[in-house]
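The values are calculated or read from the model by the stated rules, or taken from the named source; none is laboratory data. This structure is a prediction, so every number in the text was calculated from the model and none was measured. As a convention, Cβ positions derive from the backbone with ideal geometry for all residues, glycine included, and neighbour counts pool all protein chains shown.
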Amino acid sequence: MAQFDVYRNPSERSRERFPFLVDVQNNLLEDLHTRIVIPLGFSKDFRGHQLDRLTPEITYEGVSYLLLTPQLSSVSGKVLRQPIGTVEHLRLEILSAVDFAITGI
């Protein structure tokens, strides 16, 4: 598991609205049994609710999503299975959103 890998949401209940999870946990913590993730939600479902610094828009596989930083959570590493891609190229935007959520800066 690598930081900024993208996984299919393992939850059948929430997968329709939040199809992917982005692993934001640093690889130094790989021995933990959990991973810190942020869901991606379809941008079209959140019109009018976007906060640029907190919920940046991400294009993944040609579809526009919002990184829903306020919904940052942890999941068991076992349920993530195999990554289907990465958004490592958006590292700065993702870390800025997490930083803004925690520090307001």
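For the range 1-20, a residue qualifies if it is more than 10 Å from the chain's Cα centre (by Cα) and outside any loop (DSSP other than H, G, I, E, B), and exactly one does: 8. Residues that are part of a loop (DSSP other than H, G, I, E, B) and in contact with a Leu (Cβ under 8 Å, 6 or more places away or on another chain) do occur in the range 21-28. For the range 60-83, a residue qualifies if it is under 12 Å from the mean Cα position of the chain (by Cα) and over 14 Å from residue 8 (Cβ atoms), and the qualifying residues are 66, 67, 68, 69, 70, 71, 72, 73, 74.
Kindly indicate the residue of the range 52-88 that is part of a loop (DSSP other than H, G, I, E, B) and surrounded by 13 or more Cβ atoms within 10 Å (Cβ to Cβ) and also modelled with the lowest pLDDT among those meeting that condition. Residue satisfying both the conditions and the ranking: 53. Which residue pairs have Cβ atoms closer than 7 Å, lie 6 or more positions apart in sequence or on different chains, and pair a first residue in the range 89-105 that is over 14 Å from residue 25 (Cβ atoms) and outside any helix (DSSP H, G or I) with a second residue that is charged (D, E, K, R) and modelled with pLDDT of 95 or more? Correct list of pairs: 105/99. Within the range 30-44, being surrounded by fewer than 12 Cβ atoms within 10 Å (Cβ to Cβ) and free of Cβ contacts under 8 Å to residues at least 40 places away in the same chain holds for 31, 44.
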